[in-house]
Amino acid sequence: MTLVDIRPHLREWAMPHVLCAGCAHGIVGRAFLVAVDRAGIDPDQMVVVAGIGCSSRLVGYLDFCTLHATHGRAPTFATGIKLARPELTVAVFSGDGDGLAIGGNHLIHAARRNIDLTVVLFNNEIYGMTGGQVAPTTQRGAVASTTPRGNTEPAFDSVKLMVGAGASFVARASASEPFTLERIFAEALAHRGFAFVEVLSNCPTYFGRYNRLGDGPEMLVWLTRQDSRVADPLAAKRVVSHLPVPEPPPGLELGILHREERPVFDGRTPG
Ligand code: SF4
Ligand code: MG
């Protein structure tokens, strides 16, 4: 398979970008652009809507029709666009805090309707842009700026949530496996109905630093679960906590986990 040059899909005039060094969100964004390019979607017919957060800032660099909406409301804006212009391909970029906390209601109702959207949920287990606060996906025991002694709450399993809410395509992928990510994005974009892809990403600036998981590449290794702890000398440089290092999310299944065909919501057809 030939490599895709994503530069024609980037607003290079908007560079440099705001992401921290080592943040995996760029890997996720690249995989999405590759999937759009390979699908042959006309950039003028491609819409990406985002809420608020580091992942949402990515849309500012995509040379499609883009909308930076309000916190948690990206699925709602995307619903309006899709109903008004059904010929467009409409996607949503959202973070775990954006999509599952303040935007939780908007996300589940978009899934329930089975409207033809592709939602990418970047899960870095923390609120990145606003300073490393605990998020609905932060694993129990993990340190955040608002849980300095470790998170006491269980985390959301967004995949189960989306299946329960009615999404007709549900997948989970990891930024540590970019080629798999490209293929899953391709399937999600081709699916007719509500497609949800959770992507395990990293935040070395907050989650990695607070939990002594190292920098970006080391966190990608952590995501693969082959080696869940960075070497002690490296971790020692970043210590802000004396708590045990959390393991990667246990038992999280990866891949396309649910797919069904059911009527797609168009706002007009009853039944
Ligand atoms: Fe990425 Fe975290 Fe930096 Fe945000 S704060 S750009 S999620 S590393
Ligand atoms: Mg987040």
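The values are calculated or read from the model by the stated rules, or taken from the named source; none is laboratory data. No experiment lies behind these values; they were computed from the predicted model shown. Don't worry about glycine lacking a Cβ; one is built from the backbone with ideal geometry, like all the others, and counts go over all protein chains shown. All accessible areas refer to the heavy atoms of the entire protein, side chains included, with ligands and DNA or RNA removed. Shrake-Rupley method; radii C 1.70, N 1.55, O 1.52, S 1.80 Å.
Scan (1) in contact with a Phe, Trp or Tyr (Cβ under 7 Å, 6 or more places away or on another chain); (2) open to solvent by 70 Å² or more (accessible area, probe 1.4 Å); (3) away from ligand 1 (no atom under 16 Å from the Cβ) for the single condition HIS17 breaks and write down its number. Only one criterion in (1) in contact with a Phe, Trp or Tyr (Cβ under 7 Å, 6 or more places away or on another chain); (2) open to solvent by 70 Å² or more (accessible area, probe 1.4 Å); (3) away from ligand 1 (no atom under 16 Å from the Cβ) is unmet by HIS17, namely (3). Residues of segment 181-217 that are open to solvent by 50 Å² or more (accessible area, probe 1.4 Å) and either assigned to a helix (DSSP H, G or I) or within 15 Å of ligand 1 (Cβ to nearest atom) (or both): ARG183, GLU187, ALA190, TYR206, ARG209, ASP215, PRO217. For segment 27-35, the criterion of being over 18 Å from GLU187 (Cα atoms), crowded, with 24+ Cβ neighbours inside 10 Å and not hydroxyl-bearing (Ser, Thr, Tyr) is met by none of the residues.
Taking only segment 83-99 into account, find how many residues are crowded, with 24+ Cβ neighbours inside 10 Å and assigned to a helix (DSSP H, G or I).
Residues that pass the stated criteria total 4.
Among the residues examined, ILE108 does not qualify as part of a loop (DSSP other than H, G, I, E, B) and within 19 Å of the chain's Cα centre (by Cα). Taking segment 40-62 as the range and being assigned to a helix (DSSP H, G or I), open to solvent by 50 Å² or more (accessible area, probe 1.4 Å) and touching a Ser or Thr at 6+ places or on another chain (Cβ under 9 Å) as the test, only GLN45 passes.
Sort out which residues of segment 70-97 are of a type in the set (Lys, Arg) and touching a Leu at 6+ places or on another chain (Cβ under 8 Å), and write them in order of number. Passing the criteria: only LYS82.
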